[in-house]
């Protein structure tokens, strides 16, 4: 899988432009010809504070939350993938959604198999953020069938996040698989926090049998693929059979445009990581800080409700020449990466704060910064040039560079490890967005960069490959920068 990442790397001397095919711009919503949209009940807002959920791993279930019912289910769906604002766009009144998305293209789709949830009929649902509502795809008790594919015990709720490639291919071409994985990671972060806020413990899975799960979800072509799953809730009294009959392949879904683009590189990259059976949960190695590393203080927890933070999150990049201070850095990094993950993190800090400016490696779980050799000039400026000249990156007080040794990961964990690394980067990016919002700071992610240049300026090791960049700090006109 490191070969796909290498083949889709950007190089300054090899970049070529392309025109967007506006006549075949993909629909940002998955629509069905003959399936009624079932309205969601009024969601019950969670009472959970953002920081209580974000600074622990996995997000701790809110023990005071009411028992799971349809109102709680509606809250989970809306906080995970719902529309939080409206903005005029090329296809009319487009919705800005809870998770961040590259180019606001929203390739990720959310499904849920519900069993014995009060006020909600048992079955497999697709979430329609536009209405908002649900498409009932397959009625019946499916907890046992879902559990068989995920390799774990049955749960009352099983969530599945897929990606529709054409939405990202339309703009990003062969690099689209990177963006799809990052965007699924964005939605995954929201989903885990939302599930915990409703009193349930989220359990993440990405190592499921692809073909079998695709059949279960009714995915009718290779143009859409499941990339992540989360289960939650206790085992139902009756989980249903492990093989629940033949699900209807959903040929009633409308095409995203009159012409659907496909790319052999993207399809091959996904197929290379496919599994025939579920694998047990993975454990990722931790960073071992050397002597002289900097222990960050315990983060402050200013009042911030999860729902308020999710609704307020936006991509903000009009950064001010101002610093973030030690306790803010601690809160941002611990929320983004509370435990070791399949991706690593380097941090670029600008001057003016109470931490020495420069480049650091971050040790998740320990909340420690490891100073790296000082570059000859401000690494943020070089990274901004490497980010296709997006100079606002160099103005941000903090830049988070998420990376992985992809060759080493694949050797240790097989080709599926690439998905884990990119999903982890997307999850960390979304959590940084939310933490920045809770602190009144701006944040904006960058998936387009000259890969080798970006790695050099971020001080990655020789085998390190850049996955995702995020710039963060005070911004003009909002929060602490207002």
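Looking only at the stretch 190-204, decide whether some residue is surrounded by fewer than 24 Cβ atoms within 10 Å (Cβ to Cβ) and assigned to a strand (DSSP E or B). Looking through the stretch 190-204, at least one residue is surrounded by fewer than 24 Cβ atoms within 10 Å (Cβ to Cβ) and assigned to a strand (DSSP E or B).
When the test is whether a residue is in a loop (DSSP other than H, G, I, E, B), surrounded by 22 or more Cβ atoms within 10 Å (Cβ to Cβ) and more than 22 Å from the chain's Cα centre (by Cα), residue 154 passes it. How many of the residues making up the stretch 225-253 are modelled with pLDDT of 90 or more and within 28 Å of the chain's Cα centre (by Cα)? Total satisfying the criteria: 11. Residues of the stretch 221-244 that are touching a helix residue (DSSP H, G or I) at 6+ places or on another chain (Cβ under 9 Å) and surrounded by fewer than 17 Cβ atoms within 10 Å (Cβ to Cβ): 222, 235, 238, 241, 242, 243.
The values are calculated or read from the model by the stated rules, or taken from the named source; none is laboratory data. Here the structure is a predicted model, which is why all the values come from computation and not from measurement. Every residue, glycine as well, gets a Cβ built from its backbone with ideal geometry; the counts of neighbours run over all protein chains shown.
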